[in-house]
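The values are calculated or read from the model by the stated rules, or taken from the named source; none is laboratory data. As the structure is a computational prediction, the values presented were derived from the model and not from experiment. Note: ideal-geometry Cβ built from the backbone for every residue, glycine included; neighbour counts use all protein chains shown.
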Amino acid sequence: MFYLVGLGLCGEQDLTLKSVEALKKCSEIFLENYTSLAPELNIKKLEKIVGKTVKKIGRENVEVGELITLAKTKKIGLIVIGDPLVATTHAELILECKEKNVDFEVFHNSSILTAVCETGLQAYKFGKTLSIPFHEADSFLKTLSDNQKIGAHTLCLLDLDLEKNEFLSVKQALNKLKGTKKAVVISLAGCKNQVIKFGDVNKLKGLVFKPPCSIIVPGKLHFKEEEFLEGFNV
């Protein structure tokens, strides 16, 4: 049996009651440690909640099929920060379960894709999400352009490397968003120290934000969205 569990955005207290019940049944529990960061996660407290040791694993362990092989004979839990099926890596695990006839259950949780609505921007008005990388590639700008053509908002996810503890800064990301004049920055989404700022890109570049961060380039704004954003002006 394979349990794919969303941790939520911030820490162990975001786990759903259903997912905690499932994790307590597991022989082994793993925490995926490469797609995102949960700023308030305390592993010892997490282990106390689920009553088991929680082992951190990287991409190489998740993508080689090791977990699904274990799940053929044991109850295996994989905890993923955010919602577990937002990243395509984890959707592949479900396909693998189906191919190998391994029973599975998915426990959904909060995601940056929904947390962005706290900015006041309406969920149905978002276009394609893009990722801004460390390296110099700028192919993501086409996605931004396509969204802008239809007046859609663009959620930008910033690159990170948890093994090296490196995060693309908001300033670096805004420098890559050529031609963008105004933006929304979300720092520590869903956490008690969450910060949302909106305004001129040059002003935002001068601020310091704690990771993880996301940027939204607004599309055509409804007057209610404008009213909401005014409360976050820099």
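Results, tabulated for the structure shown:
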item	result
Whichever residue in segment 57-83 is outside any loop (DSSP other than H, G, I, E, B) and of a type in the set (Gly, Ala, Ser) and, among such residues, is nearest to Val20 (Cα to Cα)	Gly77
Residue selected from segment 112-126 under the condition in a helix (DSSP H, G or I) and small (Gly, Ala, Ser), by the criterion nearest to Val185 (Cα to Cα)	Ala115
Single condition Leu204 does not satisfy, out of (1) within 18 Å of Leu121 (Cβ to Cβ); (2) in contact (Cβ under 8 Å) with a residue 60 or more places away in the chain; (3) buried (at least 17 other Cβ atoms within 10 Å of the Cβ)	(2)
All positions within segment 177-211 that are in a helix (DSSP H, G or I), in contact with a helix residue (DSSP H, G or I) (Cβ under 8 Å, 6 or more places away or on another chain) and basic (Lys, Arg)	Lys205
Candidates Val195, Val234, filtered to the one that is surrounded by fewer than 19 Cβ atoms within 10 Å (Cβ to Cβ), under 21 Å from the mean Cα position of the chain (by Cα) and not small (Gly, Ala, Ser)	Val195
Residue under evaluation Lys192, criteria (1) closer than 24 Å to Val234 by Cβ; (2) modelled with pLDDT of 95 or more; (3) among the charged types (D, E, K, R), criterion not met	(2)
Tally of residues being surrounded by 12 or more Cβ atoms within 10 Å (Cβ to Cβ) and in a helix (DSSP H, G or I) across segment 127-171	9
Test: Leu174 is in a loop (DSSP other than H, G, I, E, B), of a type in the set (A, V, I, L, M, F, W, C), at pLDDT 95 or above and buried (at least 16 other Cβ atoms within 10 Å of the Cβ)	no
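Conditions (1) in a helix (DSSP H, G or I); (2) β-branched (Val, Ile, Thr), marked per residue:
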{"position": "Ile49", "(1), (2)": "yes, yes"}
{"position": "Lys55", "(1), (2)": "no, no"}
{"position": "Leu85", "(1), (2)": "no, no"}
{"position": "Thr89", "(1), (2)": "yes, yes"}
{"position": "Cys97", "(1), (2)": "yes, no"}
{"position": "Glu105", "(1), (2)": "no, no"}
